[in-house]
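Before any comments, here is the structure.
The values are calculated or read from the model by the stated rules, or taken from the named source; none is laboratory data. Being a predicted model, the structure only gives us computed values, none of them experimental. No Cβ is skipped: glycine too gets one built from the backbone with ideal geometry, and neighbour counts run over all protein chains shown. Only protein heavy atoms, including side chains, enter the accessible area calculation; ligands, DNA and RNA are left aside. Shrake-Rupley method; radii C 1.70, N 1.55, O 1.52, S 1.80 Å.
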Amino acid sequence: MSESGVPPATVAELQTAARQIRQDVIRMTYHAGSGHPGGNLSVADLITALVFHELRLDPEHPDWPDRDRLVLSKGHAAPALYSALAHRGFFDPSSLLTLREIGSPLQGIVDRRKLPGVEASTGGPGQGLGMAVGIALDARLAKRPSRVYAIVGDGECESGLTWEALLAGGRYGLDNLVVFVDRNDPDPDRGTGNRMGLEPLADKLRAFRYDTLEIDGHQFPAIFEGLARARATKGRPSAIIARTVKGKGVSFMENQDAWHARPPNREEAERALAELGGRP
Amino acid sequence: MVERKSASLAEAYSQALVELGERDPTVVALDADTSGARAGAAFEKRFPDRFWDLGMMESTLMTIASGLALGGRTVYASTIAVFAAGAAYDAVRQSVCYNRANVKIVATHGGLLVGGDGATRQMLEDIALMRSLPGMTVIVPGDAPTARTAVLDIASFDGPAYVRLTRENLPVLTDGTFTLGHAAQLREGSDLTIVAIGAMLARALDVAEELHQAGVEARVLDFASIKPADEKTLIQAARDTGAILTMEEHNVLTGLGTLVASATATTQPVPVRQVGVPDLFGESGDPWKLLDHYGLSQKHALDEAWGLLKLRGKVS
């Protein structure tokens, strides 16, 4: 057992699952001809940790009232979530390549009414986090054991709505709420999430009454230590700033803001898949 | 003018909300406080665990309301109209409507009747904004009994709704027999139809009474149910009376008048004239004088009515 209480064998399995998700992200965005590879690759390990290990979910009963909720406030990380949900058994992975096609339940940004396992239709900055606060309030009022995990992007942290939602979550002391910030901005000066002076982010979150820690968002033991601490925190919500690398796992995409919203072409997709150990 | 007793629409909402809370434990309520304008105070007193005042977070009022609703609750969210439909528009669009969340937005302080605060607090575009949202139900009650029934009725379906209330007390005109998707006929007539909403409903009845004194019979329709709209009754009225006057406290480019004109144009085109706020912002002033100042006076409506009757050759 590691310090996080997660056996090494499990960590190895999760690493394999995360690699699968990264391969799917490349295939899906290449096939769709649009999408956000950078921010999907950065968040792949967090989503893997939550969907394959932490969350109490039942793919056979996606509406199970006592389930935990994952709200993807950075809704453009849809392909990573779709891949995780498909391989977790919510739907057939063969439909993953319909991403962004007319009639597909795999919308470019997550849509709860079209796909089981998606908890909230998001897109507008800060709105998914507000919905997560509402879901957590509801769970507490109903005395349900559900825990609510929101993943917000660092660009989204420039929106006033994010801070309104954070203020409310802190004010109501929602200890069933965990806010992950996917802190993937490679450019400390001008990048999305930095140009307005987001740092020191941890101090800001603490001032908003969150039990806050910063972790390496690509290390499963670190992620699980953070999750364990959040579970033990009472009377206030938790914030986990996950330091991540935009484009993680594909050398030519890593830390390159150009890959925020540009899909790979055929040659790039093949190179990326070769690096990720997948077949084109 | 007929003497009538007046009643507060916000108070009707407040009481109906408590009634709903008693009836159904899944009903919760949220306000975004605007110093003293809070409609949920009575509900908060009765059900403190089921009420949240989100301060001045108008958009987050809607996102949190949506999150609460996704777990199966019926959520009433209230703030003033300019915030509910304006400031929070994208949150209403995405978090509430696109998610098809069971959130009932009750907007107080619609229209010019806000009075003294002036243009930035006088919402004249909310019908346009809310009616354009797929899946949204839109109601503009013309009196307190209708407001009460509407607030109770919208709890019966799973989905979003927007109810626009008025700050000023309004004359009691009905016994509150409101049916969603149905335009109530408050007065029979075959020479002209007057379709009205909100504070203009009483003025419509007064115009009809004046016309009656002059030997002309105007039908008056209460069009509180803006969406779904009772197109059948509009088309029947167009067929029966041949001309329609609309009266609304909203920008005439995008409100009731355009709804009535487009609903009748396809099958029963008749002249439609609008009494409403021209394409302008409001300003500070005495609430009722402001209505007159912006052309929503009884006299102006009467002039338009006579104009329509002349156009149709019903008077010379």
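Of note:
- Result for chain B in a Gaussian network model with C-alpha springs under 10 Å: among B:Gln122, B:Gln213, B:Gln185, the largest mean-square fluctuation is at B:Gln213.
- Taking Cα atoms only, the orientation of helix A:78-87 departs from the longest principal axis of chain A by about 90 degrees.
- Amide N of the stretch A:80-124 lying under 20 Å from the label point, which is placed 7 angstrom from the Cα of A:Leu141 along Cα→Cβ: A:119-121
- For chain A, taking Cα atoms only, Rg and Dmax work out to 17.4, 52 Å respectively.
- Alpha-carbon centroids, the stretch A:42-94 and the stretch A:113-143: separation in whole Å: 14 Å
- Between the listed residues B:Ala238, B:Ala199, B:Val138, the Cα displaced farthest toward the positive end of the dipole of the stretch B:126-253, a dipole computed from Cβ unit charges relative to the Cα centre, is found at B:Val138.
- Most fluctuating residue given options B:Gly181, B:Gly282, B:Gly55, as computed from a GNM of chain B linking Cα atoms under 10 Å: B:Gly55
- Remark: chain A carries a charge dipole of roughly 560 debye about the Cα centre, counting +1 on each Lys and Arg Cβ and -1 on each Asp and Glu Cβ.
- For the stretch B:183-195, putting each phi into the Karplus relation 6.51 cos²θ - 1.76 cosθ + 1.60 with θ = phi - 60° gives couplings of 8, 7, 8, 8, 7, 8, x, 10, 8, 6, 10, 10, 10 Hz, in residue order, rounded to whole numbers and with x for Gly and Pro.
- Rule-of-thumb Rg ratio for the protein assembly as shown [Cα; 2.2 N^0.38 Å; N residues]: 1.10
- Surface composition of the stretch B:6-171: carbon and sulfur atoms hold 47% of the protein heavy-atom accessible area at a 1.4 Å probe.
- Loop-located trypsin sites (Lys or Arg not before Pro) in the stretch B:135-197 whose Cβ has at most 14 other Cβ within 10 Å (DSSP): none
- For chain A, modelled as a GNM whose springs connect Cα atoms under 10 angstrom apart, the maximal fluctuation among A:Thr29, A:Thr98, A:Thr212 occurs at A:Thr98.
- Computed in the context of the full set of protein chains, the accessible area of the stretch B:184-311 at 1.4 Å probe radius has 53% of its extent on carbon or sulfur.
- Accessible area buried, both sides summed, chains A and B with 1.4 Å probe, Å²: 2100 Å²
- Low-density loop positions, chymotrypsin sites (Phe, Trp or Tyr not before Pro), the stretch A:213-280 - DSSP coil, at most 14 other Cβ in 10 Å: A:Phe252
- Over chain B, relative contact order from alpha-carbon pairs under 8 Å, at least 6 apart, %: 16 percent
- For the stretch B:6-171, the Kirkwood estimate of hydrodynamic radius, built from reciprocal distances between every pair of different alpha carbons, is 15.2 Å.
- Distance cut-off 34 Å, percentage of C-alpha pairs in chain B lying past it: 19 percent
- If you take all other residues with their beta carbon under 14 Å from the beta carbon of B:Leu205, and give Lys and Arg +1 and Asp and Glu -1, the sum is -4.
- Interface residues in the stretch A:145-176 - accessible area drops by 50 Å² or more relative to the isolated chain, probe 1.4 Å: A:Glu164, A:Tyr172
- Positive minus negative residues near A:Glu119 (Lys, Arg vs Asp, Glu; Cβ under 10 Å): +2
- Around A:Asp138: net Lys/Arg minus Asp/Glu count, Cβ-Cβ under 9 Å: +3
- Long-range amide H partners of B:Gly55 with built H, under 5 Å: B:Asp33
- Pairs over the 27 Å Cα-Cα cut-off, from the set A:Lys204/A:Lys246; A:Lys234/B:Lys104; A:Lys143/A:Lys248; B:Lys5/B:Lys314; B:Lys45/B:Lys104; B:Lys5/B:Lys299: A:Lys234/B:Lys104; A:Lys143/A:Lys248; B:Lys5/B:Lys314.
- For the stretch A:243-250, the Karplus equation 6.51 cos²θ - 1.76 cosθ + 1.60, evaluated at θ = phi - 60°, returns couplings of 6, 10, 10, 4, x, 3, x, 10 Hz by residue, with Gly and Pro reported as x.
- Accessible surface, chain B, averaged per residue in Å² (probe 1.4 Å): 36 Å²
- Theoretical gain in end-to-end length, B:Glu217 to B:Asp49 [0.36 nm per residue, Cα-Cα removed]: 55.2 nm
- Mean Kyte hydropathy of -1.0 or more with a Cα span along the axis of at least 18 Å, helices from DSSP in chain B: B:9-23, B:58-70, B:200-213, B:298-311
- Residues within the reach of a label modelled at A:Gln219 (point 7 angstrom out along Cα to beta-carbon, backbone nitrogen below 18 Å), restricted to the stretch A:228-262, are A:228-230, A:240-246, A:248-249.
- Computed from Cα atoms, the angle from the helix A:266-275 axis to the main principal axis of chain A rounds to 60 degrees.
- Neighbour-limited loop hits for chymotrypsin sites (Phe, Trp or Tyr not before Pro), the stretch A:81-119 (at most 14 other Cβ within 10 Å; DSSP other than H, G, I, E, B): none
- Within the same chain, aspartates and glutamates fewer than 8 places from B:Lys310 are excluded, and of the rest, those with a Cα less than 15 Å from its Cα are B:Asp191, B:Glu217.
- Computed [θ] at 222 nm, deg cm²/dmol, chain A (DSSP H ≥ 4; -39,500 (n - 2.57); rounded to nearest 500): -12000 deg cm²/dmol
- Dipole size of the stretch A:75-177 about its Cα centre, with +1 on Lys/Arg Cβ and -1 on Asp/Glu Cβ: approximately 420 debye, rounded to the nearest 20.
- On Cα atoms only, tilt of A:220-232 relative to the major axis of chain A in degrees: 20 degrees
- The distance linking the stretch B:190-215 with the stretch A:145-207 is 55 Å (Cα centroid to Cα centroid, whole angstrom).
- Annotation: amide H of B:Val27 within the under-5 Å range of B:Thr74, sequence separation 5 or more or interchain, hydrogens built in the peptide plane.
- HN-Hα J in Hz across the stretch A:197-203 - Karplus 6.51, -1.76, 1.60, θ = phi - 60°, x for Gly and Pro: x, 5, 7, x, 5, 4, 4
- Cα-only Debye scattering, the stretch A:55-125: base-10 log of I(q)/I(0) at q = 0.16, 0.17, 0.22 Å⁻¹: -0.50, -0.56, -0.94
- Element breakdown for chain A at a 1.4 angstrom probe: carbon and sulfur atoms account for 50% of the accessible area.
- Between the amide H of B:Ala77 and those of B:Leu30, B:Lys104, B:Ile105, B:Val106, distances stay under 5 Å, these residues lying 5 or more places away or on another chain, with hydrogens modeled in the peptide plane.
- Rolling a 1.4 Å probe across the protein heavy atoms gives chain A an accessible surface of 38 Å² per residue.
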